[in-house]
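Structure first, then comments.
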């Protein structure tokens with residue numbers, strides 16, 4: 001493993017230790033708040049998705065529910081504007097927020113406090129979608145670490161969808177094959193309010209050291 005990769009992994013682990021129970025009670029420096037694109041009052045609401053390449057940050061307080069992230073995702077990956085296929089899910093929670101299967105409070109969404117939650121792939125180390133695939137069609141990308149579906153191997157059985165606690169993989173109606181997040185960042189590029197941010201681990205390390 002190169003020195004750069006080792007540094008990123010160290011920063012990722014240290015950041016995850018610091019935020020293991022969320023950002024409530026964590027002392028955040030001005031540098032870290034600026035990097036995360038949040039205020040101290042909003043910090044507790046942030047949803048953090050750390051992976052090998054970068055930290056994906058979603059700020060529900062900034063989200064307007066426009067679904068451009070979902071459209072950008074599918075245009076970039078599937079060549080169609082189809083929110084159902086999106087690897088990030090906003091529309092599912094835009095109206096009433098979470099339900100019994102999610103961690104969100106029922107007072108979120110348009111009919112609650114207007115804070116809109118989102119869900120995307122956690123790129124789990126021992127990903128249930130990957131472990132449960134009967135034909136081993138899901139494997140880590142050697143560069144990004146993302147768990148990627150090989151459509152040439154996938155048989156469309158849906159085991160990955162059912163095994164994932166958040167049901168992040170989706171079966172494409174046109175091909176019958178599974179698809180999931182590959183850490184491409186198209187969702188971030190399409191957000192008009194910067195509710196989504198993709199932050200490199202080197203920048204996280206700098207902000208953490210600034211607040212030390």
Stretch gain in nm, segment residue 80-residue 125, where the contour uses 0.36 nm per residue and the Cα spacing is subtracted: 13.2 nm
Ranked list, fewest to most other Cβ atoms within 10 Å of each Cβ, for 16, 32, 168, 208: 16, 208, 32, 168
Cα centroid separation - segment 129-144 against segment 36-54, whole Å: 27 Å
Longest to shortest principal axis, alpha-carbon extents of the chain, angstrom: 50, 48, 30
Sites residue 136 and residue 175 - FRET efficiency at Förster radius 22 Å, r taken between beta-carbons, to 0.05: 0.70
Cβ-Cβ FRET estimate between residue 151 and residue 48, R0 fixed at 35 Å, reported to 0.05: 0.75
Ellipticity estimate at 222 nm from DSSP helix runs (n ≥ 4, -39,500 (n - 2.57)) divided over the chain, nearest 500: -7500 deg cm²/dmol
Fewest-first sequence of 73, 157, 191 by Cβ atoms within 10 Å of each Cβ: 157, 191, 73
Neighbour-count ranking [beta-carbon atoms within 10 angstrom, fewest first] of 164, 69: 164, 69
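Values quoted throughout were computed directly from the atomic coordinates according to the rules given, and no laboratory measurement underlies them. Computed from a prediction, not measured in an experiment: that's the story for all the values here. With ideal geometry, Cβ positions are generated from the backbone for all residues, glycine too; neighbour counts draw on all protein chains shown.
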